[in-house]
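The structure under discussion appears below in the form of structure tokens.
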Amino acid sequence: MASILAPDGLGPTVCVGEILVEIVATTVGDGFLEAQPLVGPFASGAPAIFISQCGRLGGKAAMVGAVGDDDFGRVNTDRLKRDGVDVSAISIDPDYPTGSAFVRYRKDGSRDFVYNIATSAAARFGWSELVGNLIDRSGHLHVMGSALSVPSARAVIDRAVDIVKARGGTLSVDPNLRKELKLDEDTERRFSRLVAAADLLLPSGEELERAAGVEGEAEAIRRLFEIGVKEIVLKRGADGATYFGSQGDRIDARAFVVQEVDPTGAGDCFGGAYLTCRRLGMSPQQALTYASAAGARNVTVLGPMEGAGTRQELDAFIASTERRP
């Protein structure tokens, strides 16, 4: 089955958005109201995790964002470069620190986040000559819903969508809407426009219905194809994932059985792997297998992108890891 996404040869997949360090509480409980041990910093930010996995899997990949002129920023840029990501459009802010996210897990597995994005370098970038040069040669734009809470990212995304589409490129959207990141009415409208323009949508759980604006999985799928989405991959966590094609075809993929250490970043690694495989010409079935492996492998390691796998590592993981019935 031919990919509906622009081929990797057209130019890199570009992600625009927040670049953070993540610092994780080693105790389980609610929030950060008491002193406790922490571990980190880990390179993070949903767009950065996604593009890291793209690069590690062998796809052309690039990132637009900003970090501070500090060790936290260097943790991120060094990691992305090692993963094969073009960092030429990541700006270094001399005045503001790199963004951060403190994370603590609750007993039920859910998470509490304390973010510093709005008053950090993560929110202080915009269109520049370097950004323009990158977008002019890109083949695909990937947008995370979390980036829409950052005004500077919104402005770059608005401009980049038209340029990428005009040169035959494609767009993917991962709703990735955290409860801590509130979207105003204007941003909600922008999100709706992006969904309608998306060639590929990568929602998790109830994000599918939110993106469609209707209730019920089947009705949401129907509505999304009706407004112009061409391919949908629904991430179901431990229940696997499902591909939906616009012609009514469906593929269900079983999840791999792993011991979960840190679920943060699993969906981003899944999406980065799926997108890259499709842009490299793989079928939905092949792409789903690699994506499921990428998400599962990532949760076995502490840190939001520390388990992101190369093609060789994912092949070994697939060959040695059982899948759920």
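Side notes on the structure shown:
- Filter pass, ALA273 being open to solvent by less than 10 Å² (accessible area, probe 1.4 Å) and assigned to a helix (DSSP H, G or I): yes
- The residues listed here are ARG189, ARG193, ARG154, ARG167; of these, the one that is at negative phi and buried (at least 16 other Cβ atoms within 10 Å of the Cβ) is ARG154.
- Matching residues, segment 34-45, being open to solvent by less than 10 Å² (accessible area, probe 1.4 Å) and outside any loop (DSSP other than H, G, I, E, B): ALA43, SER44
- Any chance ALA287 is among the small types (Gly, Ala, Ser), modelled with pLDDT of 95 or more and over 20 Å from ALA220 (Cα atoms): yes
- Residue that is farthest from the chain's Cα centre (by Cα), among those in segment 197-210 that are open to solvent by less than 40 Å² (accessible area, probe 1.4 Å) and among the small types (Gly, Ala, Ser): ALA197
Condition check ((1) under 17 Å from the mean Cα position of the chain (by Cα); (2) closer than 24 Å to ARG56 by Cα; (3) charged (D, E, K, R); (4) modelled with pLDDT of 90 or more) across all residues:
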{"site": "ARG79", "(1), (2), (3), (4)": "yes, yes, yes, yes"}
{"site": "ASP95", "(1), (2), (3), (4)": "no, no, yes, yes"}
{"site": "PHE102", "(1), (2), (3), (4)": "no, no, no, yes"}
{"site": "THR119", "(1), (2), (3), (4)": "no, no, no, yes"}
{"site": "ALA122", "(1), (2), (3), (4)": "yes, yes, no, yes"}
{"site": "GLU129", "(1), (2), (3), (4)": "no, no, yes, yes"}
{"site": "SER138", "(1), (2), (3), (4)": "no, yes, no, yes"}
{"site": "VAL143", "(1), (2), (3), (4)": "yes, yes, no, yes"}
{"site": "LEU148", "(1), (2), (3), (4)": "yes, no, no, no"}
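- Residue in segment 211-233 that is of a type in the set (Gly, Ala, Ser), in a loop (DSSP other than H, G, I, E, B) and buried (at least 18 other Cβ atoms within 10 Å of the Cβ) present: no
- Residue match in segment 16-33 (condition: assigned to a loop (DSSP other than H, G, I, E, B), buried (at least 21 other Cβ atoms within 10 Å of the Cβ) and either in contact with a Phe, Trp or Tyr (Cβ under 7 Å, 6 or more places away or on another chain) or not hydrophobic (A, V, I, L, M, F, W, C) (or both)): yes
- Exactly one residue among ASP199, ASP186 is out of contact with any strand residue (DSSP E or B) (no Cβ under 8 Å at 6 or more places or on another chain), farther than 28 Å from GLY109 by Cα and either touching a residue at least 40 places away in the same chain (Cβ under 8 Å) or not β-branched (Val, Ile, Thr) (or both), and that residue is ASP186.
- Set GLY126, GLY84, GLY109: member being open to solvent by 10 Å² or more (accessible area, probe 1.4 Å) and under 26 Å from ASP8 (Cβ atoms): GLY84
- Filtered residue count, segment 299-312, keeping only those that are on the phi < 0 side of the Ramachandran plot and either touching a residue at least 60 places away in the same chain (Cβ under 8 Å) or touching a strand residue (DSSP E or B) at 6+ places or on another chain (Cβ under 9 Å) (or both): 8
The values are calculated or read from the model by the stated rules, or taken from the named source; none is laboratory data. The structure presented is a predicted model; accordingly, all values stated were derived computationally and were not measured. Cβ sites come from the backbone with ideal geometry, for glycine too, and all protein chains shown count toward neighbours. These area figures cover heavy atoms from the full protein model, side chains too; ligands, DNA and RNA do not enter into them. Shrake-Rupley method; radii C 1.70, N 1.55, O 1.52, S 1.80 Å.
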